[in-house]
Amino acid sequence: MDRRQFLGTSSGIALFIGTGGILSSLVSCQDTSAIKGDLPKHDITAWVRLSTDGIITIYNPAAEMGQGSMTALPLIFAEEMDADWDKVRVEFSPQVPEIYGSSGWGANRKGMLTAGSRSVKGYYKDLRIAGAQARAILMQSVAKKWEVPLTELETVPSMVIHEKSKRKIAYGEILSFLEAPETMPAINAEDLKDPKDFRLIGQDIPRYDIPAKTDGSAQFAIDIRLPNMLYGVFERGSLHGAQPTLNNEATILGLAGVIKVVKIDYAIGIIAETIEQALAAKQQLDITWSEAQASGLNSQELYKSYAKVASSNKTGKLITQKGNFKNAFQKAAKTYQADFKNDYIYHAQMEPLNSVVQVAEDGQSAEVWVGSQQGFIPKMGVPRALGIDPENVKVNLQYLGGGLGRRSLVDYVEECAWLAKEVAPNPVKLMWTREDDLRYGAFRPISLQRLQACTDAEGNITGLAHYVIGDGDNLVASGIRNEFYNIPNQHAEIRVVPQGIRLKHWRAVGHGPNKFAIECLIDEIASDHGKDPVALRKSLMENSPRALATLEKAAEIAKWEEPLAEGRAKGVAFLERSGTLSTGICEISLDRSTGKIKVHHFWSASDAGVVIQPDNVKAQMEGGIIMGMSSVLKEQITIKDGHVQQSNFHDYSILRMEDVPETIETAIIPSAEAPQGVGESGTPLVACAIANAFYSLTGKKLRHLPFTPERVLAALNA
């Protein structure tokens with residue numbers, strides 16, 4: 001029986017179609033293991049599995065952490081393939097960055113990192129082309145079989161039709177005679193669908209992952225149970241970078257269920273038969289900790305030293321240079337200077353960090369089960385941790401219960417690999433408790449923003465300088481540019497002051513603190529010149545029509561010019577994040593006796609280019625706004641004498657249901673531009689909008705995040 005006959009007689013056989021060709025091996029519908037070995041060898045990028053029963057399995061290369069990639073990315077492919085969405089199934093792709101990596105990280109940096117709101121914008125073009133190629137292969141085989149010109153064939157969902165002869169054939173039936181081309185069909189721009197013909201993109205297609213997450217069948221890494229699995233925990237302390245000396249190893253090894261104690265540079269690990277035994281043993285550890293770079297650090301005192309750095313002649317890393325700010329400042333009719341501050345904050349992702357690793361008895365291969373945002377480190381650092389080739393590590397990506405940047409670090413996966421190596425071939429599940437992650441987390445950096453601005457006699461902003469002082473280099477730099485405001489003279493730089501605290505990207509990275517400072521200063525300038533904040537921004541956006549459209553739409557739906565009830569005020573803010581342009585407006589009230597700010601309504605308008613799933617974009621904006629409110633009104637990490645003071649949600653407050661706005665309304669500006677990222681666009685709108693509303697209501701300035709009741713009362717009494 002030849003290959004084509006075998007395809008035609010077995011409904012359990014699938015064909016892999018990819019952007020580089022067709023996988024030469026025949027594999028069972030239930031067996032995707034051939035991908036791991038065959039794809040790299042044949043240099044094929046496989047995106048879809050088509051079986052004779054018409055089921056189309058599309059591979060999702062991105063992490064699914066609640067943002068909707070499990071639907072949005074396959075939907076793009078399915079649109080161009082003309083697949084019947086009801087017959088589509090979605091699976092995570094293999095961890096092969098050379099094949100499944102996004103081009104959205106730059107031509108020379110192809111990676112599988114789900115971060116920076118780059119999934120849709122990074123994969124959009126590639127997936128459209130891949131889907132169109134899959135459709136073309138099917139049509140070419142039908143044209144040859146029916147002996148008709150290819151130009152006479154068309155497709156409707158999961159079916160090829162020949163109108164002249166009134167013939168039609170389902171995609172699954174084509175497998176009986178499908179032929180693999182020597183090279184993949186060339187797809188030009190004109191071969192792709194006109195956006196006006198989209199039937200999936202732009203529609204509110206129900207998300208693929210929601211049913212399983214609703215009925216409990218969705219599998220997260222924390223759900224994994226394997227035969228002979230052991231459990232691991234680490235004690236890392238609360239002084240970042242300190243090294244431990246264990247004083248009672250013999251005692252710990254004598255505790256019930258404890259199998260091994262593992263020492264690493266910054267922690268002491270315990271492997272036990274159950275998680276309860278591991279955690280109980282952890283409580284008995286007697287550890288002496290060394291000093292570290294962060295020893296003696298008091299976070300709330302840093303601002304004084306940061307202010308001195310801002311006033312010094314120290315040269316920082318240049319971010320923006322436009323015109324001549326110094327000259328404009330000297331000749332200005334009026335000048336302004338203000339310092340803005342933000343404390344450390346924690347990711348507070350829902351699912352605690354965890355992973356499962358099983359190392360082969362000979363130590364030369366491993367298998368991983370993990371929820372991760374992935375990244376540029378091969379196989380999440382496991383090859384590096386074990387000293388083996390990446391090809392010998394199999395990763396089973398799971399759903400993850402929140403990432404927000406924290407799960408783009410691979411520390412928790414490498415730690416698990418170190419433990420698993422000690423007890424191979426037993427699999428080990430590593431668990432970080434909430435206390436572990438809060439005390440030894442990787443925070444959004446603390447920083448001080450010094451802004452200087454100048455205006456002419458009419459109140460037009462002629463110059464803006466922005467100096468960011470803090471740790472984390474590029475973590476404090478994003479959002480510092482003002483490309484959509486017509487300010488002729490601009491200067492921006494960051495001055496890095498290392499503190500020895502673990503830092504990481506936090507949703508929207510530096511946009512939260514930076515846009516907070518910029519947008520608040522704009523409102524102060526508007527007030528000083530008797531201008532309406534929206535009107536001033538309109539004048540600044542005269543050369544940026546897309547940005548202006550978001551401002552005008554937000555002002556329209558928020559009814560900006562209508563009078564408000566006594567004790568209420570509105571605030572506005574604009575930003576660009578990951579290519580998406582957004583304006584936010586909030587309405588607040590204030591309890592002057594307690595210092596509690598209440599956000600009653602929040603409106604936003606965004607231009608994100610072509611929108612794949614409108615309802616999901618709204619959900620992203622809503623979630624981002626609520627998370628932004630939590631960070632702005634509640635969240636704060638403080639460090640005293642080098643040690644993190646918070647340990648769980650009893651002393652690290654997050655937003656409660658009672659604090660959620662009565663309404664959140666999101667408008668999407670229609671656009672034919674390429675899709676942009678929306679996952680981080682809502683979060684940084686919040687601080688500046690609330691602060692500006694507070695300024696409008698009270699005439700007082702909030703310049704230190706978060707706006708705790710104590711800080712609000714202090715501002716009122718200033």
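The values are calculated or read from the model by the stated rules, or taken from the named source; none is laboratory data. Keep in mind that what you see is a predicted model, and the values were worked out from it rather than measured. Cβ placement follows ideal geometry from the backbone for every residue including glycine, while neighbour counts extend to all protein chains displayed. Side chains included, ligands, DNA and RNA excluded: accessible areas come from the protein's heavy atoms. Shrake-Rupley method; radii C 1.70, N 1.55, O 1.52, S 1.80 Å.
Listed by first and then second residue, the pairs with beta-carbon distance under 9 Å, at least 6 apart or on different chains, first residue in region 274-298 and more than 21 Å from I252 (Cα to Cα) and aliphatic (A, V, I, L, M), second exposed (fewer than 15 other Cβ atoms within 10 Å of the Cβ) and at pLDDT 95 or above, are L297/K640; L297/D641. So for region 657-672 (the condition being modelled with pLDDT of 95 or more, part of a helix (DSSP H, G or I) and in contact with a helix residue (DSSP H, G or I) (Cβ under 8 Å, 6 or more places away or on another chain)), does at least one residue qualify? Yes: region 657-672 contains one or more residues that are modelled with pLDDT of 95 or more, part of a helix (DSSP H, G or I) and in contact with a helix residue (DSSP H, G or I) (Cβ under 8 Å, 6 or more places away or on another chain).
Please enumerate the residues belonging to region 334-350 that are surrounded by fewer than 17 Cβ atoms within 10 Å (Cβ to Cβ) and either within 30 Å of the chain's Cα centre (by Cα) or without any contact (Cβ under 8 Å) to a residue 24 or more places away in the chain (or both). Passing the criteria: only M350. Taking every residue in region 446-459 that is surrounded by fewer than 18 Cβ atoms within 10 Å (Cβ to Cβ) and pairing it with any residue that is in a loop (DSSP other than H, G, I, E, B) and modelled with pLDDT under 95, at least 6 positions away or on another chain, yields no pair with a Cβ-Cβ distance below 6 Å.
Evaluate region 495-517: report whether one residue or more is of a type in the set (D, E, K, R), assigned to a helix (DSSP H, G or I) and either touching a Pro at 6+ places or on another chain (Cβ under 8 Å) or over 29 Å from E458 (Cβ atoms) (or both). So far as region 495-517 goes, yes, one or more of its residues are of a type in the set (D, E, K, R), assigned to a helix (DSSP H, G or I) and either touching a Pro at 6+ places or on another chain (Cβ under 8 Å) or over 29 Å from E458 (Cβ atoms) (or both). Listed by position, the strands (runs of 3 or more DSSP E) contained in region 225-309 that have at least 3 residues being within 17 Å of V423 (Cβ to Cβ) and open to solvent by less than 60 Å² (accessible area, probe 1.4 Å) are 230-235, 258-264, 267-272.
Among the conditions (1) open to solvent by 10 Å² or more (accessible area, probe 1.4 Å); (2) out of contact with any Pro (no Cβ under 8 Å at 6 or more places or on another chain); (3) not polar (S, T, N, Q), the only one that L633 does not satisfy is (2). Taken as a whole, region 433-440 holds at least one residue that is out of contact with any Lys or Arg (no Cβ under 8 Å at 6 or more places or on another chain), crowded, with 21+ Cβ neighbours inside 10 Å, more than 30 Å from G316 (Cβ to Cβ) and of a type in the set (A, V, I, L, M, F, W, C). Taking the listed residues A136, A130, A170, the one that is in contact (Cβ under 8 Å) with a residue 12 or more places away in the chain and in contact with a Pro (Cβ under 6 Å, 6 or more places away or on another chain) is A136, with no other qualifying. Quick one: is L400 of a type in the set (A, V, I, L, M), open to solvent by less than 10 Å² (accessible area, probe 1.4 Å) and over 15 Å from L226 (Cα atoms)? When the stated conditions are applied, L400 passes them. Check whether at least one residue in region 614-622 is more than 20 Å from R507 (Cα to Cα), open to solvent by 10 Å² or more (accessible area, probe 1.4 Å), under 22 Å from the mean Cα position of the chain (by Cα) and not hydrophobic (A, V, I, L, M, F, W, C), and report yes or no. Yes, there is a match, as at least one residue in region 614-622 is more than 20 Å from R507 (Cα to Cα), open to solvent by 10 Å² or more (accessible area, probe 1.4 Å), under 22 Å from the mean Cα position of the chain (by Cα) and not hydrophobic (A, V, I, L, M, F, W, C). Counting only residues that are within 25 Å of the chain's Cα centre (by Cα), at pLDDT 95 or above and assigned to a loop (DSSP other than H, G, I, E, B), region 447-476 holds 1 of them.
A count restricted to region 532-551 and to residues that are crowded, with 18+ Cβ neighbours inside 10 Å, touching a residue at least 12 places away in the same chain (Cβ under 8 Å) and of a type outside the set (S, T, Y) stands at 9.
Only residues that are open to solvent by 30 Å² or more (accessible area, probe 1.4 Å) and touching a helix residue (DSSP H, G or I) at 6+ places or on another chain (Cβ under 8 Å) were counted in region 552-573, giving 5. Only one of these conditions is not met by R207: (1) at pLDDT below 95; (2) touching a Gly at 6+ places or on another chain (Cβ under 6 Å). Which number is it? Looking at each condition in turn, R207 falls short on (1). Only residues that are more than 20 Å from R407 (Cα to Cα), open to solvent by less than 30 Å² (accessible area, probe 1.4 Å) and not aliphatic (A, V, I, L, M) were counted across region 472-488, and they come to 3.
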